[in-house]
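The values are calculated or read from the model by the stated rules, or taken from the named source; none is laboratory data. Treat the numbers as computed from the prediction; the structure is a model and nothing was measured. In this analysis, Cβ positions are derived from the backbone assuming ideal geometry, glycine residues included, and neighbour counts consider all displayed protein chains.
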Amino acid sequence: MFPIQDSIPRKCPALMNWTIMGICIVIFLFETALPPKILEHLTYLYGVVPARYTHPDWAVSAGLSPAPIFPLFTCMFLHGSWIHIIGNMWTLWIFGDNIEDEMGPWRFLAFYLLCGLAASVIHIYTNPDSTIPTIGASGAIAGVMGAYYVLFPRARIIIMIPIFFFPFFFDVPAVFFLAFWFLEQLFSGTFSILSPQMSGGVAWWAHIGGFVAGMLTYRFFLNHQYCRRRFPDHSRPWGLLAPRDRL
């Protein structure tokens with residue numbers, strides 16, 4: 001299932017959401033211009049390598065400083081391929097604007113970084129011996145999805161499912177789509193623990209950690225007056241769909 005659009009029009013320009021997306025895209029374009037060896041070194045330096053935190057002797061022998069703080073944040077802005085960044089940025093485009101509506105730009109940024117941090121910590125905890133760097137915004141975006149799950153359960157999500165190479169479009173409740181997505185991560189994460197060699201290189205538990213962190217912490221970042229104060233005319237949404245009552 002690939003999400004295409006949601007039914008909740010944003011009330012404000014999603015300035016912080018767009019800024020985060022812009023930074024990720026610019027950094028990725030910079031990555032594509034780097035020679036492979038330098039890119040690999042950058043990934044190890046600024047990505048999350050669990051063994052740097054659990055095996056400091058290995059980190060020193062590999063020429064890396066043990067247990068640094070900055071990779072827990074910088075990893076959110078690095079991506080490994082075009083599919084990786086397009087998938088992440090598209091998901092953030094769909095769900096991030098509505099969460100920023102509820103929080104305001106700066107609270108949304110703090111919330112986003114907190115969810116990404118939680119995702120990195122859970123990944124280290126569940127893969128303590130891994131020497132493979134983990135990069136990507138998916139853990140932080142999972143937190144945004146967790147907040148969306150609680151705040152907009154009755155929203156509608158247009159999804160695309162390819163069947164025999166033909167795209168079919170369906171309209172499903174957000175609570176169904178996000179619950180299915182979470183259960184998929186949980187199943188895959190459990191399977192990756194039982195068979196680590198079959199994990200497919202995806203940080204499943206980072207997604208789970210980010211989603212749960214978003215569900216549990218979103219309420220501390222809410223600022224419902226933000227959009228009402230700046231854009232009192234709710235009949236003129238900034239979203240792509242026609243106006244409808246807020247769910």
So how many residues does segment 121-156 have that are in contact with a Leu (Cβ under 8 Å, 6 or more places away or on another chain), more than 30 Å from A51 (Cβ to Cβ) and not in a loop (DSSP other than H, G, I, E, B)? 2
Output yes when any residue across segment 108-124 is farther than 19 Å from L216 by Cα and over 11 Å from the mean Cα position of the chain (by Cα), and no when none is. yes
Condition set of a type in the set (V, I, T) and under 30 Å from I94 (Cβ atoms), scope segment 34-55, selection farthest from the chain's Cα centre (by Cα): answer is T43
Segment 69-85, residues that are surrounded by fewer than 15 Cβ atoms within 10 Å (Cβ to Cβ) and either part of a loop (DSSP other than H, G, I, E, B) or not aromatic (F, W, Y) (or both): I69, F70, S81, I83
It is to be established whether one or more residues within segment 40-48 are over 22 Å from T19 (Cβ atoms), in contact with a His (Cβ under 7 Å, 6 or more places away or on another chain) and not acidic (D, E). yes
State the number of residues belonging to segment 2-33 that are assigned to a loop (DSSP other than H, G, I, E, B) and either within 17 Å of the chain's Cα centre (by Cα) or surrounded by 13 or more Cβ atoms within 10 Å (Cβ to Cβ) (or both). 8
Residues of segment 28-70 satisfying the condition of being in contact with a Ser or Thr (Cβ under 8 Å, 6 or more places away or on another chain) and either in contact (Cβ under 8 Å) with a residue 12 or more places away in the chain or more than 15 Å from P128 (Cβ to Cβ) (or both): Y46, G47, V48, V49, P50, A51, R52, W58, A62
Filter result (part of a helix (DSSP H, G or I) and closer than 18 Å to A203 by Cβ) within segment 46-63: Y46, A51, R52, Y53, T54
Quick test of your reading of the structure: L29 fulfils all but one of (1) closer than 28 Å to Y218 by Cα; (2) hydrophobic (A, V, I, L, M, F, W, C); (3) modelled with pLDDT of 95 or more. Name the failing condition by number. (1)
In the set L183, L178, which member is free of Cβ contacts under 8 Å to residues at least 24 places away in the same chain and either part of a helix (DSSP H, G or I) or closer than 22 Å to C75 by Cβ (or both)? L183
